[in-house]
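The values are calculated or read from the model by the stated rules, or taken from the named source; none is laboratory data. Bear in mind that the values here come from a model prediction, so they are computed numbers and not experimental data. Note that each Cβ is placed from the backbone with ideal geometry, even for glycine, and that neighbours are counted across all protein chains shown. Remember, those area values only see protein heavy atoms, side chains included, never the ligands or the DNA or RNA. Shrake-Rupley method; radii C 1.70, N 1.55, O 1.52, S 1.80 Å.
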Amino acid sequence: MFTLRMVFEAMGSTSVRTLLNSGNVTFDTDRADLGTLERDIEPHPDLRLYVTFLRSGERITTVVDLRDSHTIKAIEDLERRFGKDLTTRNWNTV
């Protein structure tokens with residue numbers, strides 16, 4: 001998880017946190033071009049980008065490290081942290 005945090009910090013992300021040992025990453029970014037951010041993440045074959053929408057209108061972008069987790073496990077971790085009133089989509093769907 002330390003290495004995964006370092007990857008995101010190296011891309012200029014702030015407030016980088018990993019959720020448990022799930023391979024999920026939450027982070028803040030000032031980058032306006034999310035397409036470029038997506039392309040920066042995509043070269044990492046073990047990472048998958050998701051966006052979670054909360055009923056409150058908040059949007060959470062997460063990255064699942066598939067070496068450490070599976071998508072379903074990652075969503076369960078998000079539900080434990082933010083409640084079940086959310087929906088998560090793969091970035092390609094969004």
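Measuring nothing but protein heavy atoms, the accessible surface of the chain at 1.4 Å probe radius is 49 percent carbon and sulfur. Over all orientations, region 1-72 has a Cα convex hull whose mean projected area works out to 5.0 square nanometres. Sorting 50-63, 33-46 by their mean Cβ neighbour count within 10 Å, with the most densely packed peptide first, gives 50-63, 33-46. Assuming R0 = 22 Å, what is the FRET efficiency of Glu42 and Thr14, from their Cβ-Cβ distance, to the nearest 0.05? That gives a FRET efficiency of 0.60. Other residues within the sphere of radius under 14 Å centred on the Cβ of Met11, judged by their own Cβ, net out at -4 (K and R +1, D and E -1). Multiplying the residue separation of Arg5 and Arg31 by 0.36 nm and subtracting their alpha-carbon distance yields 7.6 nm.
Mean residue ellipticity at 222 nm, helices only, the chain: -9000 deg cm²/dmol; runs of at least 4 DSSP H residues each add -39,500 (n - 2.57), and the sum is divided by the number of residues.
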